[in-house]
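Every read-out reported here was derived from the displayed coordinates using simple, explicitly stated rules and does not represent laboratory data. Quantities reported herein were computed from a predicted structural model and do not represent experimental measurements. Ideal geometry is used to build each Cβ from the backbone, glycine not excepted, and the neighbour counts take in all protein chains shown.
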C-alpha cells in the first residue's frame, strides 16, 4: 500500500460505533456483555479444578464439597445460558446494520453523478465497498466480534497479569517473548495468501466464469449445437490443475508456521513446568496450586495472542472501512441539493440548445462530438441518425444531463443546465434507452414506477398508446401479472419487442415535457414498427421529442433530421431536402432501400 | 413446503445423505482420507495431555520424585509436540481439499447442466432450483457441502468418545474402601447406573434443545425467501451499469431505498429475531445451562469417590478432564446428527436438480457427414407446445426444404419463427407430427451427430471469453488458416489485422483480463464465422443483422452469396430486405405456416400477410 490510508483504526472504529448509535443501538451492548461473559467463563474454569482438588486434598466434609461443586456449577450454568442467549441475539442488529450500510452504498451508486460511474477509481472503491458488506464475516459485521475479542482479551490479560505477579517475572517475560515471536512469524508466513490474493482471485474468477456459463440458458443452445462441452471442460481442467498447485503451494508454506508454533509452545511449556514445579518442590506449593498456575500460564499466552490477533484483524477491517468511507464520501461533479431547484411544467414546451458543445470521454484521445451547435425548438420533433459509433447515444446522454460537455454548454430554455439540481433536471425527461430495466413487480408497477397510488386511467391510456393493450389483456392476471423471475416464481417473461413497448408505456406514463427515444424499434417486427411511426405524433403531442435511430425510415415523421458523422452534425434538414442534397444521408437511404425496391436483380 | 420438510424420516435422511457421500467420494476420495486421519489425531491429542497432566499432578501430590517428574514432563512436552505437528500436517492436507471443495461443488452442477436436455435448461423451474441450491449453500452450507462438514464432526466425536470411554473405566471399577464410611454407597451398582443414566439423559437433551433451536433457522429461511430475493435484487442488481440511465431518469433510487428498508431480512424486527428473543433464545440458553449440569454431576461423583479414598487427586484431574471432553464430544455428535436431519430437506432440492431426467429419445443411427452430402429435411404436420404451456407455439406445420436453396422465414414477433428453428435442430422435439431427415425421423439419429449438422447463429448467440481462434473453432485446438479464411468470409479481416495477437487475442475480459472488448456487430461476425468453420451443408441465421447499422448490414447482404455458397440456408428475420436473395419464403403467423413462395409470387397476393409485412417496411423506402 503506497499511500497512507485516509482514516486510521481509531477513526474507523469511531465511525462504526457512530453508525451503530444512529441506526442500531442494540449492536453495542452485546459487545460488552459477551466480553464480560467470556472472561467470566474463563475465570470460573480456571478456579474450578484447583479449588475442588484442593478441597479433596484437605479432606473437607461431604457437604462442604457438594456446596463448592454446586456453586461452580450454578455459576457456569448462568454464564453459559447467558452466552448462548446473547450470542444468538447479537446477530440481528448487526445484520440489519450491515444491510443499512449496503443500502447506503446502493444509494450512492444510484444517485452519484453519472460520469463518476466511468471513473476507474470509483469502480475500484465500489468493489472494495461491496467487500465490506457482502457476508456476515465481512468488516461491517465482523468488526463487532473483533471489538468483543479485544475487550475480552485485554480484560483477561490484566487479570492474569495480577494473578501471575507472584511468579518469577522471567516466566511472564518468556511467555510474552515467545508469543510475540510466534505471532509475527506466523503473521508473515500466513500473509502468503494475502500477498497472492490476486492470483487466487484470478483462478476463482476463471472457474466461476466457466461454471456460470455451464448453467446459463442463453449459451446452452450454442453449447449443444457447436459441441462446446469438451472445449469448456478442457479449459476448466487446466485452470483447476493450476489452482490445485496454487493451493498446495500455500499450504506447504503455512506448515512452517505450524512447526514454529509447536517449537515455541514446547519451549514455553518447558519453562513453565520447570519454574512451577520448582516452586512446588522448593516453596511448598500444593498440587492444586500447580494446576492453577500452569493453566494460568497457558491462559495468559492465549490472552496475549488474542490481543495481537484482534489488533491485526481490526487493522485489516479498518482498511476495508476506509475504502467504504472514501466511496461514500466521493465528491460529486454535478450539483444536486446545492443547485437551483427546478420543477417541470407539463403545460409548457421546452427549448433545448447545444452551444459549441464538444465532448471527449475521459482517457480518450479524440473528441466523440466536436463543436456541435443545435437548437431544438419548443415542441419540435427531431430525428438523430448516423452509423453505429457515430456519437448518437453520446449526444443523447449530454442532452439528458448524464455528462457535461467538455467544452461549450447545454441550455434549457436559455439557462445553463449545470446550475440546477441535476435530479430535478432529470424530471424533465420521458426516455426509452437501449438497455431495458424491468423491476420485479407487476406490469402496472413497472409502467407507473411506483408501488402505490397508480392512476388506473392513465395506465390504460399509456399502454394503449404504446400498443401493448392486447398483450396485457391476454395475460391471465392482466396488469397485475408479475414480471421479473429472479423474484417471482409466477413471473411472465416478455419478449424483446414486448419489453420495448412496456418501456415506452413507462415513458409515456411519466408524462415529462421532453421525450427521448433511443432506437425504440430495434426489437419490433415490421408491423409494430410501422405502427409506432404512425402513432409517434399522437403520443408525443406538443412535447419536444428526440428520436435516435439508424433506420432511416423512421425519420420521415420528424420535423427535422440531423445526421451525425465525423463527430459533428454533417447534414441537417427534412427527408426531402436531404435526399435532394444527395449527400451522406441520401447514400445511406439508398443502401437501406435498395432491397425494398422493385427490379433489384435477384441473386442467381 | 416447510411442513413437508419437517416430515423427513431418519431413514430418508440417511438415504439422501449416503447418496450425497457417494457423489463426493466419486469427486474426491482423498478428501475422506484426509478428514478421517485428521479427526483421529485431533480426537486422540487432548487425552494424551489430560493423562500425562494427571500423572504429573499425582506425582506432585504424592512422592514428588524429581526423576519421575523430569521424565513425565519430557514425555508430556514431546508427545504434545509430535501430536501437534501430525495434526498440523493433516490439517493442511484437509485445508487443501476444502479449498477445492467449493469449485468441485459448482462443477457438479455445471456438469449436470451441460449434459441435460435443452428443454430442462430452458425451463425456469430448473434455473430456480439452481438458485435455491446456491442460496441454501450460502445460508449455512446446506446441501452437499454440509455433508463433508458433518462427516468430519462425526468422525472426530466418535474417536473422542471411544477413547474417553476407555480412559474412564477405572472410575467405575475402583471402589471406595471401607474407610470411606457412608461414601461406600458409591460402590453400589445401582448408584452407578443412576449416575450414568442421569448423565446420558442430559447429554441427549441438551443437543436436542439446541437442534430444535436451530430448526427455527430452517423454518424462517423458507419464510424469508421472498424477502431475500427482493433484497438481493435491489441490494445488488439494481445498481448495474445497464440500469444506470433509467435509475436516474425514473428516480428508481427512491423506490429501491424503500424496498431495501422494508425487506431487511434477519433484522431485529424480523420474526426470527422475535423467536430469538423468545422461545428460540430460551432453548439455546437452556441447552447451554444443561450442558453444565452434566459437568456438575460428573464432579460430584468423581470427587465424592476421591473423598472416600477410591483414588488420588491426579485421577480426579484425569476423570474430570475426560468427562468434560466426553460431554462436549457427545454434544457434538448429537448436533451433527441434528444437522444431518436438518440438511436432508436441502438435499432433496439438490437431488431434484441432479435427477432431472434426460428424456429425449436418443437414437443410434449415424449421420453421414460430408459437405457434399445432400440432406433433405421435411416437417410433417408438426405441432409444438412449450412444456407447461397451454398455447401451441407451432400448429400443424408441413414444409420441405429444397436442397441447396435459401429459405427466408418471416413473420411478426411471436409468430413461431425461432421455435421452428429450435425444433429443426432438435433443441425440442415436436409435440405432434414428425421431422424427417432423408426420409427418417430425426429422433432415430444419434443426438449429438444430428445436432452437429446445423451450425446456427442464434439471435442471442454467445461467445466465450477465450481466444478468437478458439471461438471460431469452438475447440481448444484449431486450424489457424481455416479460422482466418472464415473470418475473412464475414468481413472481419480489417479488425483481425488490428488485433495485436491475432487469433490468440482473448475476447472480453471475463476470463482473461487482458482480453479485448468487441462491439455487438463484431461479435455477430465472429458468430457467423463460427458457423462457417463447421463446414456443414446447412446454415441457419436468426436475425443475422440485428446489431448492424445500414452499411454493415448491406455488407453482410453482399457477402451472403459467398457465406452461403451452395449450402441449404435458412434466414429468420424481421428485416424483410433479406428475403430478396432467398429463393423461398415461408411466412409464419400465430404459429402457423400461412404462405410459401418466392418474393414475387407472394407480393402478388395483396390480401396476404407477406404483402402487409413487406409494405409496412417498404413504404418508407419506396414512396
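Against the empirical curve 2.2 N^0.38 Å, the C-alpha radius of gyration of region A:137-196 lands at a ratio of 1.49.
How much of the calculated P(r) for the protein assembly as shown lies past 61 Å, in percent of all Cα pairs? Numbers along the way, then the final one.
Details: 200618 of 752151 pairs.
Considering the protein assembly as shown, 27 percent of its Cα-Cα pairs are separated by more than 61 Å.
What the Kirkwood sum gives for region A:307-359 is a hydrodynamic radius of 16.5 Å, with every pair of different alpha carbons counted. Using only Cα coordinates, the Kirkwood hydrodynamic radius of region B:1-150 works out to 19.5 Å.
With a 10 Å radius around each residue's Cβ, average the other Cβ atoms per peptide and rank B:236-244, B:494-502, B:23-31, highest first.
Ranked from most to least packed, the peptides come out as B:236-244, B:23-31, B:494-502.
Counting Cβ atoms of other protein chains within 10 Å of each Cβ in A:257-263 and taking the mean gives 4. Here r is the Cβ-Cβ distance between residue A:217 and residue A:263 and R0 is 51 Å; the resulting FRET efficiency, rounded to 0.05, is 0.35.
Give me the percent of DSSP beta bridges within region A:497-604 that run antiparallel, rounded to the nearest 5.
Beta bridges within region A:497-604, antiparallel portion: roughly 50 percent.
The largest-to-smallest principal axis extents of the Cα set in chain A are 117, 54, 51 Å.
Taking only alpha carbon atoms, region A:101-242 gives an Rg to Rh ratio of 1.18, where Rh is the Kirkwood radius.
Assign one of three labels to region B:525-589, namely rounded, prolate or oblate, based on the Cα gyration tensor with a ≥ b ≥ c the square roots of its eigenvalues; rounded applies when a/c is under 1.5, prolate when it is not and a/b is larger than b/c, and oblate otherwise. Oblate. Potential lengthening of the chain between residue B:462 and residue B:64 amounts to 135.3 nm, from the contour at 0.36 nm per residue minus the alpha-carbon distance.
Do you know the relative contact order of region B:296-425, to the nearest whole percent, from alpha carbon pairs under 8 angstrom that are 6+ apart?
That works out to 12 percent.
Length, then width, then depth: along the principal axes, the Cα atoms of region A:1-99 run 66, 32, 17 Å. Principal-axis analysis of the Cα atoms of chain B puts helix B:279-308 at an angle of about 30° to the longest axis.
Mean partner shielding of peptide B:233-244, defined as the number of other chain Cβ atoms within 10 Å of each residue Cβ, is 6. Peptides A:29-36, A:572-579, ordered by how many other C-beta atoms sit within 10 Å of their residues on average, highest first, read A:29-36, A:572-579. A helix-only calculation puts chain A at -21000 deg cm²/dmol for mean residue ellipticity at 222 nm, using -39500 (n - 2.57) for each DSSP H run of at least four residues, averaged over all residues. Footprinting exposure proxy ranking of B:466, A:246, fewest other C-beta atoms within 10 angstrom first, gives A:246, B:466. Among A:308, A:88, the ranking by other beta carbons within 10 Å of each residue's beta carbon, starting with the fewest, stands as A:308, A:88.
Take the Cβ atoms of residue B:606 and residue A:522, set R0 to 25 Å, and the FRET efficiency comes out at 0.30. Once the Cα atoms are used to define both axes, helix B:10-27 deviates from the longest principal axis of chain B by about 70 degrees. Max-minus-min Cα coordinates of region A:438-552 on each principal axis give 41, 29, 22 Å, with the largest extent listed first.
Let me test this: with uniform point scatterers at the alpha carbons of region A:427-503, what is the Debye-based log₁₀ I(q)/I(0) at q = 0.12, 0.26 1/Å? Rounded to two decimals, the profile gives -0.30, -1.55. Computed over region B:212-361, relative contact order equals 23 percent, with contacts defined as Cα pairs under 8 Å that lie 6+ residues apart.
Counting DSSP beta bridges with both partners in the protein assembly as shown, what percentage is antiparallel, nearest 5? Intermediate values should be presented prior to the final figure.
Details: 36 of 74 bridges.
So the antiparallel bridges amount to about 50 percent of the total.
How many Cβ atoms of partner chains, on average, are near each residue of A:82-95 if near means within 10 Å of its Cβ? Could you put the intermediate results ahead of the total?
Details: counts 3, 3, 13, 11, 3, 4, 13, 7, 1, 5, 12, 3, 3, 8.
Shielding by partners across A:82-95 averages 6.
Dividing the convex hull volume of the alpha carbon atoms of region B:466-623 by its residue count, what do you get in Å³ per residue? Write out the running numbers ahead of the final one.
On the way: hull volume 21.7 nm³, N = 158.
Cα convex hull per residue, to the nearest whole number: 137 Å³.
Entry for region B:206-308 at q = 0.11, 0.13, 0.17, 0.25 Å⁻¹: log10 I(q)/I(0) = -0.56, -0.66, -0.84, -1.19, Debye formula applied to identical alpha-carbon scatterers, no solvent contribution. Residue exposure proxy: B:291, A:13, ordered by other Cβ atoms within 10 angstrom of their Cβ from fewest to most, comes out as A:13, B:291.
Over chain B, Cα pairs under 8 Å with separation of 6+ residues give a relative contact order of 15 percent.
Taking the DSSP bridge list for chain B and keeping only pairs wholly inside it, about 50 percent are antiparallel.
Here's the picture: a label point sits 7 Å out from the Cα of residue A:118 along the beta-carbon direction, and within region A:362-386 the residues with their amide nitrogen under 19 Å of it are A:362-373.
Each part gets one Cα centre, and for region B:247-323 versus region B:527-578 those centres are 66 Å apart. When both region B:96-154 and region A:547-573 are represented by their alpha-carbon centers, they are found 52 Å apart. Annotation: peptides B:584-593, B:397-406, ranked by per-residue average of other Cβ atoms within 10 Å with the highest first, follow the order B:584-593, B:397-406.
Once you sort the root eigenvalues of the Cα gyration tensor of chain B as a ≥ b ≥ c, which label holds: rounded (a/c under 1.5), prolate (a/b larger than b/c) or oblate (the other case)? It comes out prolate by the Cα gyration axes.
Rule-of-thumb check for region A:498-572: C-alpha Rg over 2.2 N^0.38 Å? Walk me through the numbers before you get to the answer.
Values: Rg = 12.8 Å, N = 75, 2.2 N^0.38 = 11.3 Å.
Normalised Cα radius of gyration, region A:498-572: 1.13.
Taking the radius of gyration and the Kirkwood hydrodynamic radius from Cα positions alone, what is the Rg/Rh ratio for region A:160-314, to two decimal places? Walk me through the numbers before you get to the answer.
Values: Rg = 25.9 Å, Rh = 19.8 Å.
Ratio of gyration radius to Kirkwood radius: 1.31.
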